[in-house]
Every structure is written in C-alpha cells, then in structure tokens.
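What follows draws every value from the coordinates through simple rules; no lab data is involved. Computed from a prediction, not measured in an experiment: that's the story for all the values here. Methodologically, a virtual Cβ is constructed for each residue, glycine included, from the backbone with ideal geometry; neighbour enumeration extends over all protein chains shown.
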Amino acid sequence: MNNPSYHQPAMLFSLGQLVATPGALKVLEANSMIPMRLIARHSIGDWGDVGPDDAEANDNAVSSGTRILSSYRLTDGTKIWVITEADRSATTVLLPSEY
C-alpha cells in the first residue's frame with residue numbers, strides 16, 4: 001500500500017526564547033488563536049500581512065542575521081506582530097502598540 005506522505009516545511013531560523021506580551025495573549029485568547037500557530041507560520045517564512053519590501057527584507061534577514069518581523073490579522077481584525085531578534089535570542093508575539 002502506498003501512503004501519501006505529508007511534508008511539513010522546515011524552520012528557516014532559530015527562534016530563541018519564545019515570549020508573548022499580556023496584551024497579545026489576551027487578544028489571541030479572545031480570537032481562539034493559539035500563539036504557536038503564528039510562531040510556526042513565522043518560522044517557515046510565512047510573513048503574513050507585510051508588504052513586498054518587508055517580505056524581501058525578511059527573506060534577506062534569514063541569511064544575514066537581522067531582525068525578522070511578521071504581521072498577522074486575527075479574525076476580529078486585530079493586528080499581531082511576531083518578531084525574532086537579530087541575534088536569534090528571542091521571538092516575541094506582541095501588539096504593534098506594545099513595540
């Protein structure tokens with residue numbers, strides 16, 4: 001029997017310590033969104049709702065070692081950012097107003 005295989009994309013960079021702000025956690029819970037879903041998208045290069053220039057900057061940052069910022073809209077329209085620091089020491093889930 002030939003079973004189809006599922007290919008999960010590999011992480012493109014180290015995430016470091018994972019943290020989230022209280023404001024982001026509150027909004028994520030209100031939208032029934034698990035923070036790891038956004039972190040997983042971020043880690044495989046799905047930058048969310050960033051423009052083409054920012055997406056290109058993120059693509060370059062993967063290899064050059066600079067900060068990576070993804071932006072996602074929740075079902076209620078709230079924007080959430082996921083930022084991985086340039087030194088890859090931490091990845092933070094936060095609201096733009098908390099930056």
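Structure data summary
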| quantity | calculated |
| --- | --- |
| Cα Rg over Rh - the stretch 32-98, Kirkwood | 0.95 |
| Cα-projected label distance for D53 with E29, points at 7 Å along beta-carbon direction, nm | 3.8 |
| Förster-model FRET efficiency, 22 Å R0, A10 and A86, C-beta, rounded to 0.05 | 0.60 |
| The stretch 45-99: GluC sites (Glu not before Pro) in DSSP coil with no more than 14 other Cβ atoms inside 10 Å | none |
